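These notes are about the structure you will find just below.
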Amino acid sequence: MKLKAGLIGCGRIGTKKHLEAVIKNSDLLELTAVCDVVKEKAENAANIIEKSGLKKPKVFTDHRILLEEPLDFVAIATESGKHHDVTLDALNAGKHVLVEKPMALSTKDADEMCSVAEEKNLKLCVCFQNRFNPPIQELRKKVELGAFGKIFHAHVAVRWNRNKSYYDQASWRGKWSMDGGVLSNQSTHAIDLLQWMLGGNVREIYGHIANLNHPYIEAEDLGIGVVKFENGSVGIIEGTSNVYPKNLEETLAIFGEKGTVVIGGLAVNKILTWRFENEDSHPFMDLPDPETVYGEGHVPLYENFAKSIIENKAPYITGREGMKALEIILGIYQSSLENRPIGFPVNFSTEKMKTVTRKESESL
């Protein structure tokens, strides 16, 4: 018996990657309902499913009405600022939830989402699909085997371009209340990978943000962070949307006493350096770039989440696990705002950044 699923939010990521994942996992699930406040977007999503040869889902413009349907789970691909409220509505309606990144825009909201899911014994999974990239999986195996010995430090760099036409596509982009900036939106996947490889338990963070090239948005287009982990490792974060004239790269580098790995490409999809004792190369050095920075991970992400429901086990990226990258990002924001290192745990929200003007953010 297939799971019945609903998609809430039929914009860019919803139609490009979530529908692809639904279609390629049609042996496990059936998309029976789609929802968007713009009816034409929901109808477009329904038509894409039908044209793929699958049964056309019902169309809704109010997610609360969609949640009255007999669904096993919903995927939430709305604006980031709506993730918390829609997730709680879905959990309270008894549905498992797969939510896009970032799962929320405050630590309080993210914690509430996790707590409600736990109280109701429902699955909550966050869309960090790059964890499923084959090179990332190979790196993770080495980390779990202890092949690096002590990991000294890691570095992530998201060097992309987001111009005015990108922000003109949706009014919520770049707003503190709905989105945040290059760290919250574009760099959250890389930050998740960094904390995952370094052990996840953060002791302290120091950050700097600035808006150097985007006067038409509220949030940052440059974000820098230094993260100290409890195990002694240090993480360095660089995120920018100012690269001329187009996206350059997303890289993750790990440096240990017995190993060095650098993974790059358009979406951390290609091994650039692979050095361990008696190992100086890897077959995944020749992998092609995906068509977009979204990569190809939504398909295995959906498969894992569906099987977690069917087999009643934890999904690969639980709500608590997905919260870790958000806490680092919010720690960078708080550190930049208050000009001091921030200890963990963090209690912060992007709403507190609303008082920062562009001129002030340039000097943070």
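The values are calculated or read from the model by the stated rules, or taken from the named source; none is laboratory data. All values reported here derive from a predicted model rather than from experimental measurement. Reconstructed Cβ throughout: ideal geometry from the backbone, glycine too, with neighbour counts over all protein chains shown.
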Checklist entry - For region 61-156, which fully contained helices (runs of 4 or more DSSP H) count at least 2 residues that are aliphatic (A, V, I, L, M), closer than 20 Å to residue 261 by Cα and not assigned by TED's automatic domain parsing to the domain that holds residue 301? => result 134-145
Checklist entry - Is one or more of the residues making up region 163-177 buried (at least 18 other Cβ atoms within 10 Å of the Cβ), among the polar types (S, T, N, Q) and modelled with pLDDT of 95 or more? => result no
Next on the checklist: Criterion first (free of Cβ contacts under 8 Å to residues at least 24 places away in the same chain, within 23 Å of residue 234 (Cβ to Cβ) and among the small types (Gly, Ala, Ser)) does residue 264 satisfy it?
Outcome noted: yes
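What residue, of 156, 143, is under 24 Å from residue 219 (Cα atoms) and touching a residue at least 60 places away in the same chain (Cβ under 8 Å)?
None of the other options fit; the residue is 156.
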Next on the checklist: All but one of (1) closer than 23 Å to residue 317 by Cα; (2) without any contact (Cβ under 8 Å) to a residue 60 or more places away in the chain; (3) more than 16 Å from the chain's Cα centre (by Cα) hold for residue 182; state the number of the condition that does not hold.
Outcome noted: (3)
Item to check | The lone exception for residue 313 - which of (1) modelled with pLDDT under 95; (2) basic (Lys, Arg); (3) part of a loop (DSSP other than H, G, I, E, B) it fails | outcome: (1)
Checklist entry - Only one of 88, 98, 105, 67 is surrounded by fewer than 18 Cβ atoms within 10 Å (Cβ to Cβ) and aliphatic (A, V, I, L, M); which? => result 88
Checklist entry - Quick check: is even one residue across region 128-144 surrounded by fewer than 21 Cβ atoms within 10 Å (Cβ to Cβ) and at positive phi? => result no
